[in-house]
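Asks: Can you read through this structure? Questions will come right after.
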Amino acid sequence: MIQVSMKDIVEAYALIQPYIMKTPLIYSKPTSDRTGSEVWFKMDNLQSIGAYKIRGAMNNMMSLRGEEVKKGVVAASAGNHSQAVAYGARLRGTSAVVCVPESTPMNKREGALKYGAELVVYGPNYEEAEKKAYEIARETGRKFIHAYESPETIAGQGTVAIECLLEKGDFDAILVPTGGGGLLCGVAIAAKAMNPEIKVYGLQTNTSAPWLKSFHEKRLDNSCPFLPTCADGLEGAITWPNVELALTCVDDIFVVDERTTREGIQWMASKHHFMIEGASATCLGALFEEHEELKGKKVLCLITGGNIDLDKFCKICEETYE
């Protein structure tokens, strides 16, 4: 099992604080009024790269030593991790190669290039891009920076929970958009250490929900459909190590309807004037779907990113939700 402790997360927070923004924690009266829960948003979409991924990437970068800095790093990503690694590598004074699948939105590709990475577009999905990144690591000696399945990444992502709970420690539940599970595990470990009574729920859309069976049946199961989704940061197959870790600290997985997720994007733009990604909007979708576990509770929603494709955003905002 991957080993990550609260000590690791605290050390990560000390290490990366100079390089990340302490993002706002805001109360949402419109969402609270609609859902009957007390709803708060952690706005990590306001990080320098527009996503929380900078936390894990910077913890990896600041952990590099000597020869690793000289040789550089390589990563695979469906989007925001590529930008985070590129940005972090520039701050650390090393070079980065990032491999992205063909489905990666252009704005996320351009973000990696903007921060100085070499971009490799390879394969139809994340799994193929990851294979290419490992190949580059073997051939060049670059260190592979995993998007979710490494202690450094998980500890870095968990720092968002420390920030939130130091500011307000009395949340009943935290909603965590869940792709590979690095953020979910990091947040759950930190949250439970600071407040053992808090509930942590992972979120996926019904178009790509391998966590549901895997978590409930306590075995890896990627047999679900993988369909197009507005939450591109959450789509794709998962691996066992983070599921195994999640079983020790996560309370449950909620599957959110694709339509409700899209409504969440529109709602956030209308009520709070923020563009958010579909992954972040699963938090709103879960609240709109009135899960019994959230009714009347003080709920923290992790708004994980704002790097949504503009054309997709405009199309979603033109749709009608009733």
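Asks: Go through Lys42, Lys22 for me and flag whichever is open to solvent by less than 10 Å² (accessible area, probe 1.4 Å) and within 23 Å of Gly79 (Cα to Cα).
Replies: The conditions single out Lys42.
Asks: Condition (residue is more than 15 Å from the chain's Cα centre (by Cα), closer than 30 Å to Ser37 by Cβ and modelled with pLDDT of 95 or more) applied to region 150-162: is it met by at least one residue?
Replies: Checked against the condition, which is being more than 15 Å from the chain's Cα centre (by Cα), closer than 30 Å to Ser37 by Cβ and modelled with pLDDT of 95 or more, region 150-162 yields at least one hit.
Asks: Just a yes or no: is a residue in region 44-56 of a type in the set (Phe, Trp, Tyr), touching a helix residue (DSSP H, G or I) at 6+ places or on another chain (Cβ under 8 Å) and more than 30 Å from Glu293 (Cβ to Cβ)?
Replies: no
Asks: Has region 52-74 got any residue that is under 30 Å from Asp172 (Cα atoms), out of contact with any Lys or Arg (no Cβ under 7 Å at 6 or more places or on another chain) and in a loop (DSSP other than H, G, I, E, B)?
Replies: Yes, some residue in region 52-74 is under 30 Å from Asp172 (Cα atoms), out of contact with any Lys or Arg (no Cβ under 7 Å at 6 or more places or on another chain) and in a loop (DSSP other than H, G, I, E, B).
Asks: Report, by residue number, each residue of region 128-156 that is among the acidic types (Asp, Glu) and not in a helix (DSSP H, G or I).
Replies: Glu149
Asks: Could you tell me whether Gly186 is in contact (Cβ under 8 Å) with a residue 40 or more places away in the chain, crowded, with 21+ Cβ neighbours inside 10 Å and within 16 Å of Gly305 (Cα to Cα)?
Replies: no
Asks: To continue, here is another question. If the requirement is being assigned to a strand (DSSP E or B), modelled with pLDDT of 95 or more and open to solvent by 10 Å² or more (accessible area, probe 1.4 Å), which of these qualifies: Val255, Val250, Val299?
Replies: Val255
Asks: Is it true that Pro241 is open to solvent by 10 Å² or more (accessible area, probe 1.4 Å) and part of a loop (DSSP other than H, G, I, E, B)?
Replies: no
Asks: Can I ask one more? Out of Asn80, Asn60, report the one residue that is at pLDDT 95 or above and not small (Gly, Ala, Ser).
Replies: Only one candidate qualifies: Asn60.
Asks: Suppose we filter region 54-89 for residues that are closer than 20 Å to Arg138 by Cβ, touching a residue at least 40 places away in the same chain (Cβ under 8 Å), surrounded by 24 or more Cβ atoms within 10 Å (Cβ to Cβ) and of a type in the set (A, V, I, L, M, F, W, C); how many remain?
Replies: Total satisfying the criteria: 5.
Asks: Of all residues in region 25-39, which are open to solvent by less than 30 Å² (accessible area, probe 1.4 Å) and either closer than 15 Å to Gly296 by Cα or part of a helix (DSSP H, G or I) (or both)?
Replies: Residues satisfying the conditions are Ser28, Thr31, Ser32, Thr35, Ser37, Val39.
Asks: Within region 45-84, which residues are of a type in the set (Val, Ile, Thr) and over 16 Å from Ala155 (Cβ atoms)?
Replies: Hits for region 45-84 are Ile49, Val69, Val73, Val74.
Asks: I've got another one for you. Condition test on Gly264, is it under 19 Å from Thr153 (Cβ atoms) and in contact with a helix residue (DSSP H, G or I) (Cβ under 6 Å, 6 or more places away or on another chain)?
Replies: Answer is no for this residue.
Asks: Still on this model: Filter region 303-316 down to residues that are farther than 12 Å from Gly278 by Cα and among the hydrophobic types (A, V, I, L, M, F, W, C) and give me whichever is most open to solvent (accessible area, probe 1.4 Å).
Replies: Step by step, filter region 303-316, then rank; the result is Leu310.
The values are calculated or read from the model by the stated rules, or taken from the named source; none is laboratory data. Keep in mind it's a predicted model, so treat the numbers as computed, not measured. Please note: Cβ atoms are built from the backbone with ideal geometry, for glycine as well, and neighbour counts cover all protein chains shown. Just so you know, the surface numbers come from the protein's heavy atoms only, side chains and all, with ligands and any DNA or RNA stripped out. Shrake-Rupley method; radii C 1.70, N 1.55, O 1.52, S 1.80 Å.
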